[in-house]
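Student: My questions all concern the structure below.
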Amino acid sequence: MKKLIVFVCLFFSFNSWSQNLCRTHILGQDELIQKNELQKYSKYDFSNLWIQTDNNLVYGIIGENYERILIKFTSLKRSKNNTNEYLVTGKSMVKSNICDFSGKITVVKIQELKKLRFGVDDEYKNAGIKKQGLLTAVYEFVEDKNQKGSGRFSGNLESIWYLDKNDLIQYNNIEIDSDKYFNNAFVGKWKSNNSGKEKICNWADYRVPNVNCDFDKGAGELNVSEKYQKNGWWVKPKQNWWK
């Protein structure tokens with residue numbers, strides 16, 4: 001009986017460990033000032049954060065089997081009526097199925113970093129950086145209901161940024177050479193327009209956030225494990241597939 005109890009405990013312990021998620025947050029809350037500075041930063045335009053990275057380096061998954069999804073923003077601009085809202089159009093692709101979508105990103109929190117980071121060997125120490133921090137937002141993108149396999153994306157977004165010497169918001173790639181680096185983490189779900197079925201759907205720059213730790217075995221860059229490669233990761237997308 002004791003052996004059975006031990007076995008059951010070990011089984012659930014191992015199962016729980018195997019489902020641990022990796023890259024759940026870009027920055028730890030202990031690194032950030034807790035005050036929400038949303039009003040302070042409302043005068044700044046953050047739109048360039050989400051259009052900087054080459055689309056070949058934006059990686060995403062959809063569904064429990066981690067099928068590959070590609071996301072491309074084709075336009076992104078700040079709303080004239082709400083300074084914390086950004087209007088988005090784009091395209092998604094799963095296998096060979098491409099859908100158009102439109103929607104918005106709404107910034108809900110801006111936190112500053114307690115201590116500035118200047119990269120390897122303090123490369124950016126004399127660059128005149130004023131502030132660094134984390135942006136938290138919610139998003140909702142709706143695919144064209146007339147297109148096959150369309151649905152709705154929704155969830156939370158985290159992006160890291162810095163304020164440069166010219167008082168402009170910049171995409172924070174200062175620590176891009178770090179193995180832990182990723183940015184623009186979209187974490188949420190996709191809901192079918194037809195069936196109402198929901199699937200997990202996450203994507204980010206350079207890595208996939210909030211996935212099982214056995215998904216990505218890469219050190220310096222994304223390297224999808226063999227367990228998941230058959231789910232769309234073997235095929236290299238056509239260049240400019242969104243055009």
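Student: Let me check against my output: what whole-number percent is the relative contact order of the chain, with C-alpha pairs under 8 Å and at least 6 apart?
Tutor: Relative contact order of the chain: 21 percent.
Student: Mind checking region 165-199 for trypsin sites (Lys or Arg not before Pro) that DSSP puts in a loop (not H, G, I, E or B) and that have at most 16 other Cβ atoms within 10 Å?
Tutor: Lys165, Lys180, Lys197
Student: Using a Cα-Cα cut-off of under 16 Å, which lysines could be cross-linked to Lys227, ignoring same-chain neighbours fewer than 8 residues away?
Tutor: Lys217
Student: Once fully extended, how much extra length lies between Thr89 and Ser102, figured as 0.36 nm per residue of separation less the alpha-carbon to alpha-carbon distance?
Tutor: 4.3 nm
Student: Further question on the same structure: Among rounded, prolate and oblate, which fits the chain when a ≥ b ≥ c are the square roots of the eigenvalues of its C-alpha gyration tensor, a/c under 1.5 means rounded, and a/b larger than b/c means prolate?
Tutor: oblate
Student: Checking the cross-link filter: which aspartates and glutamates have an alpha carbon closer than 19 Å to that of Lys80, excluding same-chain neighbours under 8 positions apart?
Tutor: Candidates past the 8-residue exclusion: Asp45, Glu140.
Student: So what is the relative contact order for region 152-204, in percent, with contacts set as C-alpha pairs under 8 Å and at least six apart?
Tutor: 38
Student: Could you calculate the FRET efficiency of Asp214 with Lys131 from 1/(1 + (r/R0)^6), where r is the beta carbon distance between them and R0 is 51 Å, rounded to 0.05?
Tutor: So the FRET efficiency works out to roughly 0.90.
Student: Is region 143-205 best put as rounded, prolate or oblate by its Cα gyration tensor, with a ≥ b ≥ c the root eigenvalues, rounded for a/c under 1.5, and otherwise prolate when a/b is larger than b/c, oblate when not?
Tutor: Prolate shape, in that a/c is at least 1.5 and a/b is the bigger ratio.
Student: Can you tell which of Ile174, Ile71, Ile200 shows the greatest fluctuation in a Gaussian network model of the chain with Cα springs below 10 Å?
Tutor: For the chain, modelled as a Gaussian network with Cα springs under 10 Å, the answer is Ile174.
Student: Kindly count the pairs of lysines across region 111-198 whose alpha carbons are less than 27 Å apart, treating pairs on different chains or eight or more residues apart as eligible.
Tutor: The number of close lysine pairs in region 111-198 is 25.
Student: On to the next question. Output wanted: per-residue J couplings in Hz (rounded whole) for region 81-90, from phi through Karplus 6.51 cos²θ - 1.76 cosθ + 1.60, θ = phi - 60°, x for Gly and Pro.
Tutor: Each residue of region 81-90 in turn: 9, 9, 5, 9, 10, 10, 8, 10, 10, x Hz.
Student: Oh, and also: Let me make sure I get this right: for region 94-160, a, b and c are the square roots of the gyration tensor eigenvalues over alpha carbons, sorted descending. Under 1.5 in a/c it's rounded, otherwise prolate if a/b > b/c, else oblate. Which is it?
Tutor: Prolate shape, in that a/c is at least 1.5 and a/b is the bigger ratio.
Student: Per DSSP H run of at least 4 residues, take -39500 (n - 2.57); add these up for the chain, divide by its residues and hand me the 222 nm value, nearest 500 deg cm²/dmol.
Tutor: It comes out at -2500 deg cm²/dmol, rounded to the nearest 500.
Student: How far apart, in nanometres, would the label points at Ile176 and Glu221 be if each is projected 7 angstrom from Cα along the Cα-to-Cβ direction?
Tutor: 1.2
Student: Taking H as built 1.01 Å from N, whose amide H comes closer than 5 Å to the amide H of Tyr206, not counting residues under 5 places away?
Tutor: When sequence neighbours closer than 5 places are left aside, the close amide H contacts are Val58, Tyr59.
Computed from the coordinates by the stated procedures, all read-outs in this text should not be read as laboratory data. Remember, it's a predicted structure, so these values are computed and weren't measured experimentally. Because the Cβ atoms are built from the backbone with ideal geometry, glycine has one as well, and the counts that use them run over all protein chains shown.
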